[in-house]
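Colleague: Here it is, the structure in full.
Any read-out appearing in this document is the output of simple, stated calculations on the displayed coordinates, not a laboratory observation. A quick note: this is a predicted structure, and the numbers were derived from the prediction, not measured. With ideal geometry, Cβ positions are generated from the backbone for all residues, glycine too; neighbour counts draw on all protein chains shown.
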Amino acid sequence: MNILITGATGFIASHTIVELIESGHNIIGIDNLSNSSADVVDKIAKITGKKIDFYPVDICDYSALKSVLKDKKIDCCMHFAGLKAVGESVAKPIEYYENNIGGTITLLKVLKEIGCKNLIFSSSATVYGTPEFVPITEECPKGICTNPYGWTKSMIEQILLDLQNADKSWNVVILRYFNPIGAHPSGVIGENPNGVPNNLMPYITQVASGKREKLFVYGDDYDTPDGTGVRDYIHVVDLAQGHVKALNAINNNCGCEIFNLGTGHGYSVLDVVRTFEKVNGIKIPYEIVARRSGDIAMCYASPDKANSVLGWSAKYSLEDMCRDSWNYQQKN
Ligand code: NAD
Ligand code: UFG
């Protein structure tokens, strides 16, 4: 199939492209390079032996998008492009709503005009807010998001549901990612956050490399086994393979389907620190500090629907995630 990938040079999309190429698909990638670099295109070629068709285009730019896509036959769009820094979204809500929601609407218009009505969207477990129960199934009601980034995901999901409701010829798959970490086992592609990392694993790898002195653990007084926050960490290659499987659901006139992509296991911050230390033989000094505002105690998926409907399940362990994250950090 010919797959259009928005946000193509980003962390999750680049890993997904590798898996799609290895499954025989043809890729057209676009990215405005606001949070990634064009050299990822060469890195993908280094792993797969194939150079993708790449355009440095902004999804908010209707004319540029239309002129790149007008003569292309696209079977499905996987829509990853978006701004994703939670703290920044609180400081710059307009930029987040404009880029993520405005960009998605422009993209949807162009897709409709070129006759592509198959879409797979990168959503997030953040739409559950403080989840009513764990493990979180897709039936768990959406909740109150704690930041504009989360609201953009929640609102885009609603836009996609409304669109598909109005025009049944659209096929939409919404994938709610839990906490993607790890990197391609080659160490060629991975996550490269700008500035001080927000997320746990990039922070840990920067402590391991000596770039940062210690990890600040945000709270040890949650109602969890060791008091630190529990999340469902998923290897980015497993997540990427989930997208390959989701393409089959798109082929089956699916309407609008939602899937959690997580492992079903919750690990605490200290579980991750200890596993990283054990697997890589490096001590990670840490200090317990106050809770981070907006954080929840516990969030992990029931992946049962993706297991049964998509035939997908996560294969990599937390050990693999810690090893591959560190391998990438060392090589980059
Ligand atoms: P990323 O920042 O590495 O990738 C996103 C890419 O989109 C970047 O390359 C960026 O340059 C590009 N982009 C942003 N705005 C654009 C625009 N207007 N036009 C074209 N390109 C644009 O992030 P990621 O971690 O790979 O996330 C991919 C998607 O998955 C995002 O939508 C993100 O919100 C979602 N998601 C990520 C996580 C996570 O923890 N990483 C969790 C849940 C959902
Ligand atoms: N944490 C620390 N110290 C740090 C960073 C994180 O203790 O320096 C803790 C957090 O308090 C939390 C856990 O590590 O308990 C995970 O935090 P992350 O920031 O890595 O991930 P979040 O679960 O907060 O959020 C991430 C993405 C969101 C996405 C969500 C999906 O940042 O965009 O996963 O579940 F929506």
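Colleague: Go ahead and estimate [θ] at 222 nm for the chain from helices alone: -39,500 (n - 2.57) per DSSP H run with n ≥ 4, summed, over the residue count, rounded to 500.
Modeller: Mean residue ellipticity, 222 nm, calculated: -11000 deg cm²/dmol.
Colleague: Could you check the simple spin-label distance between Asn253 and Ile144, using points 7 Å along Cα→Cβ, in nm with one decimal?
Modeller: Here the modelled spin labels are 4.2 nm apart.
Colleague: Let me check I've understood the local charge: for Tyr218, count other residues with C-beta under 14 angstrom from its C-beta, Lys and Arg +1, Asp and Glu -1. What total comes out?
Modeller: Values: positive: Lys214, Arg231, Arg291, Arg292; negative: Asp220, Asp221, Asp226, Glu287, Asp295.
The answer is -1.
Colleague: Ok, one more. Is segment 147-222 rounded, prolate or oblate when judged by the Cα gyration tensor, a ≥ b ≥ c being the square roots of its eigenvalues, rounded requiring a/c under 1.5 and prolate requiring a/b larger than b/c?
Modeller: Prolate.
Colleague: Relative contact order for segment 1-102 using alpha-carbon pairs under 8 Å, separation at least 6, rounded to a whole percent?
Modeller: 33 percent.
Colleague: Using the Cβ atoms and a cut-off under 9 Å, what net charge is assigned to the surroundings of Ile44, where Lys and Arg are +1 and Asp and Glu are -1?
Modeller: Working: positive: Lys43, Lys46, Lys50, Lys51; negative: Asp42.
After counting each charged neighbour, the total is +3.
Colleague: Given H placed 1.01 Å from N in the peptide plane, which residues other than close sequence neighbours of Val173 have an amide H under 5 Å from its amide H?
Modeller: Residues meeting the amide H criterion: Leu119, Ile120, Phe121, Glu257.
Colleague: Rounded, prolate or oblate for segment 280-332? Axes are the square roots of the Cα gyration tensor eigenvalues, ordered a ≥ b ≥ c, and the cut-off for rounded is a/c under 1.5.
Modeller: Because a/c hits 1.5 or more and a/b fails to exceed b/c, segment 280-332 counts as oblate.
Colleague: Reachable lysines from Lys112, Cα under 20 Å, same-chain residues fewer than 8 places away excluded?
Modeller: Lys66, Lys70, Lys72, Lys73, Lys168
Colleague: At R0 = 56 Å, how high is the FRET efficiency between Arg292 and Lys73 if r is their beta carbon distance? Nearest 0.05 is fine.
Modeller: 0.75
Colleague: Given that compact globular proteins tend to follow 2.2 N^0.38 Å, what is the ratio of the alpha-carbon Rg of the chain to that value? Kindly include the intermediate steps, with their values, before the conclusion.
Modeller: Details: Rg = 19.0 Å, N = 332, 2.2 N^0.38 = 20.0 Å.
Here the Cα radius of gyration is 0.95 times the empirical estimate.
Colleague: Based on the alpha-carbon gyration tensor of segment 56-140 and its eigenvalue square roots a ≥ b ≥ c, which shape applies: rounded if a/c is under 1.5, prolate if not and a/b is larger than b/c, or oblate?
Modeller: oblate
Colleague: Quick one: longest stretch of the chain between exposed loop GluC sites (Glu not before Pro), exposed meaning at most 12 other C-beta atoms within 10 Å and loop per DSSP?
Modeller: Free of exposed loop sites, the longest segment is 1-131.
Colleague: Return the percentage of antiparallel bridges among DSSP beta bridges fully within the chain, rounded to the nearest 5 %.
Modeller: Details: 2 of 40 bridges.
Antiparallel bridges: around 5 percent, rounded to the nearest 5.
Colleague: Quick one: net charge of Pro197's neighbours, Cβ under 9 Å, K/R +1, D/E -1?
Modeller: 0
Colleague: So what's the convex hull volume per residue for the Cα atoms of segment 80-235, in Å³? Provide the component values of the computation, followed by the final result.
Modeller: Details: hull volume 24.5 nm³, N = 156.
Dividing the Cα hull volume of segment 80-235 by its residue count gives 157 Å³.
Colleague: Right, something else. Using a simple spin-label model with points 7 Å from Cα along the Cα→Cβ vector, what separation in nm is obtained for Ala91 and Lys211?
Modeller: 1.8
Colleague: Quick one: length gained pulling Gln158 to Tyr62 fully straight, 0.36 nm per residue minus the C-alpha distance?
Modeller: So the chain would gain 32.4 nm between Gln158 and Tyr62.
Colleague: Taking the Cβ of each residue in Val188, Val309 as the centre, tally the other Cβ atoms inside 10 Å and list the residues starting with the fewest.
Modeller: Starting with the residue having the fewest Cβ neighbours, the order is Val309, Val188.
Colleague: If you take the Cα atoms of segment 182-248, find Rg, then find the Kirkwood Rh from the mean of 1/r over all pairs, what is Rg/Rh?
Modeller: Values: Rg = 15.2 Å, Rh = 14.4 Å.
Using only Cα positions, Rg/Rh for segment 182-248 is 1.06.
Colleague: 7 Å from Cα along Cα→Cβ at both Ser169 and Asp320: what's the point-to-point distance in nm?
Modeller: Rounded to a tenth, the inter-label distance reads 4.1 nm.
Colleague: May I ask you to order 204-212, 170-178, 68-76 by the average number of other C-beta atoms within 10 Å around their residues, highest value first?
Modeller: 170-178, 204-212, 68-76
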